Structures are given as structure tokens and as C-alpha cells.
């Protein structure tokens, strides 16, 4: 399997040759990947990029966005004469900490050429959670809740909670945690891919 539009067509119940919703599927794929990357504080897709960071006086570590690091093409800046790297953790060690504020430029490639199966599973779970917002067949827009189905809940000796009874739709409130798009099992797996700084 792959995390791509062709597989996305099958996931949303389309015929593999039906390209009518490709733009929506691609947006949902991009959103799912972006949410996972934000949660883990890293980038997963394999690519080459040039990263510019500024050294602080407390650390001689430079964290790259894409890891595992596959290859470092060049490192320039103060304190980068003989850098070392922890490829799996996405960390480049320099002596730049002795030059606070110095600019360090790293040309490297990193990320996953092929997504690990558990990570791909998580991305598809997030895709499923966000697809309702992109699905053209969903006329309610995904983030809409129809109110009025339950008017009041009472617990004897404790109290009651009364809900709105209008038949109108109300927009859902913003959730302050990740649970709306990252179910618990997905978060548990993504926690294995989070950047860990000690």
C-alpha cells in the first residue's frame, strides 16, 4: 500500500480509475500528513533540503526537520569544521555553541523513502478523520452537528444538563487537544515517531 491519491480513491470507495475527486483526495492527504508532522515535530517525506539555523549558546546540536538523515551534502557556518550526526534522531552536532547567534546552513536529505507500516496506518486513520471535510458528497460539511436530538440528561441526586433544542445546525467548537483527528491508538503510535529532545 502507499499513501497516495490512487490508494485514496479506493479508501473513499471510488473506482480506482475514477479521477473525479482527485483534488479533494490530495487535499485530505496533505492535511493528514501535515497534522501528523505537526504532532511529531518533524517531516516524514523523503526529500533534499537546505536548512538554516542559528546557534544558541546552550547547545551544540542542530535539529533537522527530516529524519532519519540519509546524507549530508554540506554544512557551513561557524563551528562546523568537524560535525557529527545522529542520523536516526535527526541531530547534527557542531561546536557552534561557542559562537552564539552564528548561522549554520545544512544541505541534506532525509525522511522516509518508504513509510513504515505503522506510520502509514496512522496517516490513513487521520485521512479518514479529515475526509468528511473534503468529501464533496458530504453536504453538511463534516464539522456540523445537528442539535436538538437530546434535550436533557438527568442523574438522580446529581443534577441535569440541558441541551439546545433548536433544529438548526451549529458549528462544532474548537478542540484544544488532538483527539478530534488523532484517535488514541493513532496518537500512541505517532508518539513513537515524535522528536525527543533530551
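The values are calculated or read from the model by the stated rules, or taken from the named source; none is laboratory data. Being a predicted model, the structure only gives us computed values, none of them experimental. In this analysis, Cβ positions are derived from the backbone assuming ideal geometry, glycine residues included, and neighbour counts consider all displayed protein chains.
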**Prompt:** Any idea how many residues of the stretch 7-29 are part of a helix (DSSP H, G or I) and either touching a strand residue (DSSP E or B) at 6+ places or on another chain (Cβ under 9 Å) or surrounded by 13 or more Cβ atoms within 10 Å (Cβ to Cβ) (or both)?
**Reply:** 11
**Request:** Output yes when any residue across the stretch 31-54 is without any contact (Cβ under 8 Å) to a residue 60 or more places away in the chain, in contact with a helix residue (DSSP H, G or I) (Cβ under 6 Å, 6 or more places away or on another chain) and surrounded by 13 or more Cβ atoms within 10 Å (Cβ to Cβ), and no when none is.
**Result:** no
**Asked** Is at least one residue of the stretch 59-68 closer than 18 Å to residue 106 by Cβ, surrounded by fewer than 16 Cβ atoms within 10 Å (Cβ to Cβ) and at pLDDT below 90?
**Response** yes
